[in-house]
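Student: Handing you a structure now.
The values are calculated or read from the model by the stated rules, or taken from the named source; none is laboratory data. Being a predicted model, the structure only gives us computed values, none of them experimental. So basically every Cβ, Gly included, is an ideal-geometry build from the backbone, and we count neighbours across all protein chains shown. We work out accessible area using only protein heavy atoms, side chains counted, and drop any ligands, DNA or RNA first. Shrake-Rupley method; radii C 1.70, N 1.55, O 1.52, S 1.80 Å.
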Amino acid sequence: MGDELIHRFRRARRDPELAVIEGFHALKHALRFGAELVEAVAVDPDALEALARDLAPDLAGGLADRVETIDAETLAAIVPLVPRTGVVAIARRPRADVAATLADPGPAPIVLLEDPRNMGNIGACVRVAAAADAAAMLTTGEHDPWYPDAVRGAAGLHFALPVASIETLPESDRPLLAIDPEGEDLEPDRLPPRAVLAFGTERHGLSGGLLERADARIAIPMRAGVSSLNLATSVAVVLFTWRLAN
Ligand SMILES: C[S@@+](CC[C@H](N)C(=O)[O-])C[C@H]1O[C@@H](n2cnc3c(N)ncnc32)[C@H](O)[C@@H]1O
């Protein structure tokens with residue numbers, strides 16, 4: 001059983017249909033936002049149930065019954081970094097309908113990350129996009145936004161909104177705003193409803209193609225001498241500027 005389990009979890013890390021969820025907080029959010037679990041394992045299911053009673057009473061009662069008990073050695077073999085809470089799960093990734101999301105008439109913005117490289121950053125962007133109630137988070141480039149390190153960085157909030165990798169941003173009737181240090185100063189009135197808010201890659205910023213295509217460029221004002229903010233920090237500033245004004 002141990003070897004099969006190890007292989008299943010290792011395969012799941014690379015399976016585009018599945019998501020690996022590491023740790024109690026990620027599992028809590030995943031379940032709260034409707035994740036369909038394939039399997040879950042824990043070193044101490046009773047301790048997990050106690051955590052749920054303390055931190056997520058909405059999920060308490062029956063959580064221990066949903067996880068299989070494994071030993072600490074097996075847990076260490078199925079994840080690169082053992083979560084302190086000793087629980088790991090596999091869930092099905094919800095399918096994101098990008099065309100339907102772009103067509104959605106609701107006012108919430110979509111976050112577009114151009115070619116993000118750092119999994120911790122991607123996770124932090126998903127987390128803040130979920131908290132601000134953004135309509136979706138889309139990424140371009142070669143990095144899968146559902147990679148387990150990103151899901152961990154997002155505390156499992158990938159299940160709270162559509163998160164998908166796309167080749168390029170399809171045409172739509174949404175305003176496209178380039179969030180770029182060279183733009184006009186950020187003000188709530190400069191964030192129209194239904195905007196696609198595009199953020200650039202960590203080292204080089206937004207591509208020339210995106211900047212040309214954008215309807216406007218918006219900058220987060222900074223103290224003289226500071227070149228830029230961290231990617232996830234800038235996503236947080238812009239999304240909460242929109243949220244607090246709406
Ligand atoms: C680490 S920054 C990239 C830095 C890059 N050297 C540049 O000048 O754009 C990553 C992304 O965060 C956003 N960003 C960071 N600081 C910003 C600011 N002050 N105003 C607007 N966007 C900012 C932009 O979308 C940027 O492409």
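Student: Would you look at the GNM of the chain, springs on alpha carbons closer than 10 Å, and say which of Leu112, Leu48, Leu197 moves the most?
Tutor: Ranking Leu112, Leu48, Leu197 by mean-square fluctuation puts Leu48 first.
Student: Restricted to Cα positions, what overall size does the chain have along the principal axes? Three whole-Å values, descending.
Tutor: 57, 40, 33
Student: Scan segment 69-143 for GluC sites (Glu not before Pro) in coil per DSSP, keeping those whose Cβ has at most 14 other Cβ atoms within 10 Å, and list them by number.
Tutor: Values: sites: Glu73, Glu114, Glu142; in loops: Glu114, Glu142.
Listed in order of number, the matching sites are Glu142.
Student: Using the charge dipole of segment 15-110 (Lys, Arg: +1 at Cβ; Asp, Glu: -1 at Cβ; taken about the Cα centre), state which of Phe24, Ala89, Leu102 has its Cα farthest towards the positive end.
Tutor: With unit charges placed on the Cβ atoms, the residue in question is Leu102.
Student: Rg/Rh for segment 98-244 to two decimals, with Rh computed the Kirkwood way over all alpha-carbon pairs. Spell out each step's value before the answer.
Tutor: Working: Rg = 13.8 Å, Rh = 15.0 Å.
Result for segment 98-244 is an Rg/Rh of 0.92.
Student: Sticking with this one: Quick one: helix 2-12 against the long Cα principal axis of the chain, what's the angle to the nearest 10°, folded into 0 to 90?
Tutor: Its long axis makes an angle of about 10 degrees.
Student: For the chain, modelled as a Gaussian network with Cα springs under 10 Å, which listed residue fluctuates most, Arg203, Arg174, Arg217?
Tutor: Taking springs between Cα atoms under 10 Å, the residue moving most is Arg203.
Student: Hey, can you grab everything whose amide H is under 5 Å from the amide H of Val38? Only 5+ residues off in sequence or another chain; H modelled, so Pro and N-termini drop out.
Tutor: Here Ile90, Ala91, Arg92 satisfy the definition.
Student: Please report the net charge: other residues with Cβ closer than 14 Å to the Cβ of Asp71, K and R +1, D and E -1.
Tutor: Working: positive: none; negative: Asp3, Asp44, Glu68, Glu73.
Spelling it out: positives minus negatives among the neighbours equals -4.
Student: How big is the equivalent ellipsoid of segment 179-245 along its three axes, where each semi-axis is √(5λ) from the Cα gyration tensor, reported in whole Å from largest to smallest? All intermediate terms of the calculation are to be shown ahead of the outcome.
Tutor: Details: eigenvalues 60, 47, 24 Å².
Working from the Cα gyration tensor, I get semi-axes of 17, 15, 11 Å.
Student: Need the C-alpha centroid separation for segment 177-242 versus segment 24-48, integer Å.
Tutor: Their Cα centres are 35 Å away from one another.
Student: Please give the length that would be gained between Val38 and Arg95 if that part of the chain were fully extended, namely 0.36 nm times their separation in residues minus their C-alpha to C-alpha distance (nm, one decimal).
Tutor: Fully extending the segment from Val38 to Arg95 adds 19.0 nm.
Student: How much length is gained on full extension from Arg53 to Arg213, taking 0.36 nm per residue of separation minus their Cα-Cα distance? Walk me through the numbers before you get to the answer.
Tutor: Numbers: separation 160, 0.36 × 160 = 57.60 nm, distance 4.97 nm.
My answer for the length gained is 52.6 nm.
Student: Suppose only helical runs count, i.e. DSSP H with n ≥ 4. What mean residue ellipticity at 222 nm does that imply for the chain under -39500 (n - 2.57) per run, divided by all residues and rounded to the nearest 500 deg cm²/dmol? Show your work: numbers first, answer last.
Tutor: Working: 9 runs with 84 residues, N = 246.
Value at 222 nm, helices only, nearest 500: -10000 deg cm²/dmol.
Student: Using only Cα atoms, tell me the angle between helix 45-55 and the longest principal axis of the chain; keep it within 0 to 90° and round to the nearest 10.
Tutor: Result, in degrees: 40.
Student: Would you mind telling me the share, in percent, of accessible area of segment 1-105 contributed by carbon and sulfur at probe 1.4 angstrom? Please list the in-between numbers first.
Tutor: Details: 2850 of 5710 Å².
Ligands and nucleic acids excluded, carbon and sulfur reach 50 percent.
Student: On to the next question. Using only alpha carbons, build the gyration tensor for segment 149-202 and give me the equivalent ellipsoid semi-axes, biggest first, whole Å.
Tutor: Details: eigenvalues 114, 46, 33 Å².
The equivalent ellipsoid of segment 149-202 has semi-axes of 24, 15, 13 Å.
Student: For Ala219, enumerate residues with amide H under 5 Å from its amide H, sequence gap 5+ or separate chain, H modeled in the peptide plane.
Tutor: The answer is Asp180, Gly183, Glu184, Asp185, Leu186.
Student: Still on this model: Which of the peptides 235-242, 26-33, 39-46 is most tightly packed, and how do the rest follow, going by the mean number of other Cβ atoms within 10 Å of each residue? Intermediate results must be reported in sequence, preceding the final value.
Tutor: Values: 235-242: 20.1, 26-33: 22.9, 39-46: 18.5.
The most tightly packed comes first, giving 26-33, 235-242, 39-46.
Student: For the Cα atoms of the chain, what angle does the longest principal axis make with the long axis of helix 119-132, in degrees from 0 to 90, nearest 10?
Tutor: 80 degrees
Student: Could you tell me the relative contact order of the chain? Use alpha-carbon pairs under 8 Å, at least six residues apart, and round to a whole percent.
Tutor: Values: 479 pairs, mean separation 50.8, N = 246.
That works out to 21 percent.
Student: Let me ask something else. Count charges around Glu36 for me, please; just the other residues with Cβ under 10 Å from its Cβ, Lys/Arg as +1, Asp/Glu as -1.
Tutor: On the way: positive: Arg92, Arg93; negative: none.
Its environment carries a net charge of +2.
Student: With the Cα gyration tensor of segment 2-92 in hand, convert its eigenvalues to equivalent ellipsoid semi-axes via √(5λ) and list them largest first in whole Å. Before the final figure, lay out the partial values.
Tutor: Numbers: eigenvalues 82, 47, 21 Å².
Result for segment 2-92: semi-axes of 20, 15, 10 Å.
Student: Which whole-number percent is the relative contact order of segment 113-185 (Cα, under 8 Å, 6+ apart)? Let's see the in-between values first.
Tutor: Details: 96 pairs, mean separation 25.1, N = 73.
Answer for segment 113-185 is 34 percent.
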